[in-house]
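Some notes on the structure that comes next.
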Amino acid sequence: MLRRIPSPAAIRQSPRRLPDIVGQSLASARELSSLGAFVSLLDARAHQQAQSVVSRIESGEQLPLGGYIVAVKDNIAIKDAPLTCGSKILDFHQSTFSATVIERLEEAGAVIIGKTNLDEFAMGSSTENSALGIALNPFDPDRVPGGSSGGSAVAVAAGICHASLGSETGGSVRQPAAFCGICGLKPTYGRVSRYGLVAFGSSLDQVSPFAKTCAEVYDVIRVISGSDQRDATSSAAPVPDSACLEPFSGKLRIGLVKDFLEHEALEPDVRIAMNDTISALKKAGHELVEVELPNAKYSIPVYYIVATAEASSNLARFDGVRYGYRHRDVTDLASVYDLTREAGFGKEVRRRIMMGTYVLSAGYYDAYYTTALKVRRIIADELVNALKYVDVLLTPTTPSTAFKIGEKIDDPVSMYLSDIFTVPANLAGVPALSVPWSLDSKGLPIGIQLMAPHFTEEKLLSIGAAIELLRPEGK
Amino acid sequence: MSGYELVVGLEIHAQLVTKTKAFCRCANRYGAEPNTLVCPVCLGTPGALPVFNREVVAQATRLAIALGADIHLHSRFDRKNYFYPDLPKGYQISQFDHPFSTGGHLSFIVNGSTKSINITRAHLEEDAGKSMHLADGSTIVDLNRCGVPLIEIVSEPEFRAAEEAGAYLSAMRELLRFIGVCDGNMDEGSLRCDANVSVRKIGEPEFRERCEMKNLNSIRSVERAIAAETKRQIAIYEQGGVIHRQTLQWNEQEERLIPMRVKEGSDDYRYFPEPDLPELRITQAFVDDIRASMPMLPEQLREKYSTTYKLNREAVYYLAIDIRISGYTDTLIETGSTAQSAAKWVMGPVTRSLNERGWSFDEFSRRVPAATLSGLIQKTDRGDITLGQANAVFKALIVKPEKSPDEIVAELGIEVMRDEVKLGAIISEIVSEHPEELAKFREGKTKMVGFFMGLVMQATKGQADAQLAKNVLMELLEAKE
Ligand SMILES: [Zn+2]
């Protein structure tokens, strides 16, 4: 895999090289601008932080993310940096404060080089719905990198930086991780503060890291986890505290989700890769058992009711009154709202706002929203219950590998189905990881997904690290 | 009213007294420069999240206890969605189907008799900003008020007269102030009232269509607006018309109701559970602690003052209007003053000094602690000093708070003349100088005693022991020639 910069460990060995390496990283971001990974580069901030990290390391400070060069999805606020959410409606908006995760990254020594491209307001599975241009898959520029955190996945996959932050609502990190051949972890809901993450579906959203290896994902998640007084939904559960991740060495009981493995949408190459994984795990002495999740098939409709309902409310603040874009032809209050939101939001965002408004409307509320909440509960209980009897559940991350640009953009329902295996973890709030396994016949990465009980990120990643060692080309 | 009956329910919005706003750490205070008490959270800046301020719960609990409501140990926040420039998030955090408390009642006196109104519910929510519409058609917005904690108290539709609504609002304001939950300043908007008004024929079992009246920002407005709306609805029914539900705004200056523009479907607020906030949970122990720390409420105090202390009606109402006044009075009594004297002093010299000097009651009680005043009252009641002297001591005391009453008595050279011989000489001289008045007394005009006592006090510079002087005087007046 591509590496354009030395590893964090190598940088920590000779910290004075950091400013130069940050320069290289920024230069390669510019060189690879055709990939559409970044929407803004933060040269001054990155160089200043690099200097500060050098002196902190030299004064003997142990920085958990010393030497890490990181990119951040552009729906996470960084003070005085642009915050676009991939939308025209946030034109020229600068954040007045930094997200908690940003403060934690920088405190731990990470250097943030820029903000990455995304589907507008994180709504999409391909990074084609960005007002700032599409992002391309580094394995095949005719294909999408996945989404909505496509830019962050590309930045790591193309070797521009070591790790990146994306955000998950229904698979927006695991799916692009799988499409781009890297690791992506959706933490337990409440594990990571959402303060500073622009909300899409508040009861589902989590800031989620990407990196090439599970060990690097661990370094990042360890730093950004933990309760935050500014986010009432953040959890006080203890955070992982091992200094570094060790691959899991014991014998595992792994659940195979039968309905997912036999799903009609599963591409043959992905099916083959899953079978490979299963036999490698068996060979390594792990126990594999079949698990049924009979209601998981309702995940997509439930997700699109809950997420769009919350989104219709979360996005109400983008109204052209206080910040961002305002249509120039406005004449009165109604036209401020109508014209600004009509022209400021892209098609997919408007579609979801309308869906969400509809499902919350008087007369439809019970049929849609109330029912969806009940079914969500059932799906979540089913999943949490299944996880009581196994260490992890194993599924493909996505039914297919990266699809062609434009292939699904006019068919929202088929686009929504690319999240079919990832959404249940968001509905249940459990952590889930995508680890690259192999390449398909077209040379495109295939990812496998592991789901684990609440707040077991460390064990989940250590199992992921053990699987990395079983990979056909991983040894 | 020609056979019609009025049906009114009130919704009172009370801003809660807290240091900070409901969901952020901005100060909760009135009167700052526009848009200075704001932060990313209350401005709805992208990425900001609300965090609930527990101070709010304590205040809501106080009110619920005072109203005898059922407090729900689990309640929930919901989002009420609508677009308006003074609502930066595009939704208001409120409580919809799981309110903080349900039930309770408030009693008050109207036209000399007691009426009790049942309360449906009280729920927590955040205030919106303030829009000001300028003459040129533009609107400016002050967001300082965004996120200020509110409690909305919804009454049952049990009012049958406009004065009842006014008296209820006034009693609610008194209660809110008394327990320190809301400052009750209607002209600053910290207490606001909406009314739902309908009329029906007396004896009709069902309610008819109602109209909502907004912006009733004084007790007078509440009464006038309800009266005007009653007249309007009756007139429409009498002409064979129908009432359509609408929202009317009361124009205080012009004293008339103006229909508000309504957009179709604008009352579908699409409530749903606020995903950014966990369920609001409190414990029974928390409620019990607050209950134990609650003062006696105005209704209970009035009962105590009239039944136990036998104070007159004026005193009962005066003393129970404010927790500081009742607290001060109670301390006077606890430290040995009689209830009658305590009430007389608080309503008399104490209140006069507040008015003259523009002090708050807190300022006054800092200067003259109740225990100090109680000493002076008891000294006076024992006859150690006269009432006139006591007043002089009091006046000195409020400007020299570091001194004790005894020190001031010494400083002013106050003593009580108890020398019967000396008093006798002064009084007999006065009596002999006023033969006409003496004659009047002897004709049966007992009022003349007051006239002579006045002269005695004048002559002794208020130092005469009043009881002794009166005894001596009476002896002389009644003495046969
Ligand atoms: Zn604030």
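The values are calculated or read from the model by the stated rules, or taken from the named source; none is laboratory data. Please read all numbers here as calculations on a predicted model, not as lab measurements. Cβ placement follows ideal geometry from the backbone for every residue including glycine, while neighbour counts extend to all protein chains displayed.
Data overview
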read-out: A:Ile272 being at pLDDT 95 or above, under 30 Å from B:Leu277 (Cα atoms) and out of contact with any strand residue (DSSP E or B) (no Cβ under 8 Å at 6 or more places or on another chain); value: no
read-out: Those helices (runs of 4 or more DSSP H) lying entirely in the stretch A:223-340 with at least 2 residues over 28 Å from A:Arg377 (Cβ atoms); value: A:268-283
read-out: Test: residue in the stretch B:70-83 that is in a strand (DSSP E or B), aliphatic (A, V, I, L, M), in contact (Cβ under 8 Å) with a residue 12 or more places away in the chain and away from chain A (no Cβ under 14 Å); value: yes
read-out: Condition met for B:Glu303 (in a loop (DSSP other than H, G, I, E, B) and either under 33 Å from the mean Cα position of the chain (by Cα) or of a type in the set (Phe, Trp, Tyr) (or both)); value: no
read-out: The lone exception for B:Asp406 - which of (1) acidic (Asp, Glu); (2) over 39 Å from the mean Cα position of the chain (by Cα); (3) closer than 28 Å to B:Arg366 by Cβ it fails; value: (2)
read-out: Helices (runs of 4 or more DSSP H) lying entirely in the stretch B:349-444 (those with 3 or more residues that are of a type in the set (Val, Ile, Thr) and out of contact with any Ser or Thr (no Cβ under 6 Å at 6 or more places or on another chain)); value: B:420-433
read-out: Pairs with Cβ under 8 Å, 6+ apart, first in the stretch B:31-54 and assigned by TED's automatic domain parsing to the domain that holds B:Asp142 and under 18 Å from A:Thr84 (Cα atoms), second near the ligand (Cβ under 7 Å from one of its atoms) and of a type in the set (Val, Ile, Thr); value: B:Ala48/B:Val41
read-out: Inter-residue pairs, beta-carbon under 7 Å, first free of Cβ contacts under 8 Å to residues at least 60 places away in the same chain and within 8 Å of chain B (Cβ to nearest Cβ) and in the stretch A:313-328, second assigned to a loop (DSSP other than H, G, I, E, B) and surrounded by fewer than 20 Cβ atoms within 10 Å (Cβ to Cβ), 6+ apart; value: A:Ala316/B:Phe83; A:Asp319/B:Phe83; A:Val321/B:Pro85
read-out: Matching entry among A:Ala215, A:Ala135, A:Ala155, A:Ala178 (being in a loop (DSSP other than H, G, I, E, B), under 30 Å from A:Leu18 (Cα atoms) and either more than 12 Å from every other protein chain (Cβ to nearest Cβ) or at pLDDT below 95 (or both)); value: A:Ala135
read-out: Residue count for the stretch B:306-335, restricted to those that are assigned to a helix (DSSP H, G or I), β-branched (Val, Ile, Thr) and buried (at least 17 other Cβ atoms within 10 Å of the Cβ); value: 6
read-out: Criterion (crowded, with 17+ Cβ neighbours inside 10 Å, more than 22 Å from A:Gly324 (Cβ to Cβ) and either of a type in the set (S, T, N, Q) or within 16 Å of the ligand (Cβ to nearest atom) (or both)) met by exactly one of B:Asn28, B:Asn81; value: B:Asn28
read-out: Positions within the stretch B:56-69 being more than 14 Å from chain A (Cβ to nearest Cβ) and in contact with a Pro (Cβ under 8 Å, 6 or more places away or on another chain), in sequence order; value: B:Gln59
read-out: Cross-chain or 6+ apart pairs with Cβ under 7 Å, the stretch B:205-218 first and assigned by TED's automatic domain parsing to the domain that holds B:Glu152 and in a strand (DSSP E or B), then modelled with pLDDT under 95 and basic (Lys, Arg); value: B:Cys211/B:Arg245
read-out: Selection from the stretch B:9-25 of residues that are more than 11 Å from chain A (Cβ to nearest Cβ) and either among the small types (Gly, Ala, Ser) or within 14 Å of the ligand (Cβ to nearest atom) (or both); value: B:Gly9, B:Ala14, B:Thr18, B:Lys19, B:Thr20, B:Lys21, B:Ala22
read-out: Complete set of residues in the stretch A:392-407 that are outside any strand (DSSP E or B) and under 20 Å from A:Gln449 (Cβ atoms); value: A:Thr397, A:Thr398, A:Pro399, A:Ser400, A:Thr401, A:Ala402, A:Phe403
read-out: Residues of the stretch B:36-54 satisfying the condition of being within 14 Å of another protein chain (Cβ to nearest Cβ), within 11 Å of the ligand (Cβ to nearest atom) and either assigned to a loop (DSSP other than H, G, I, E, B) or among the hydrophobic types (A, V, I, L, M, F, W, C) (or both); value: B:Val38, B:Cys39, B:Val41, B:Cys42, B:Leu43, B:Gly44, B:Thr45, B:Ala48, B:Pro50, B:Val51, B:Asn53
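So that you can scan it fast, the table gives a plain yes or no per residue for (1) in the same structural domain as B:Leu16 (by TED's automatic domain parsing); (2) assigned to a strand (DSSP E or B); (3) of a type in the set (S, T, N, Q):
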site	(1), (2), (3)
B:Ser116	yes, yes, yes
B:Ile119	yes, yes, no
B:Ala122	yes, yes, no
B:Gly137	yes, no, no
B:Asn144	yes, no, yes
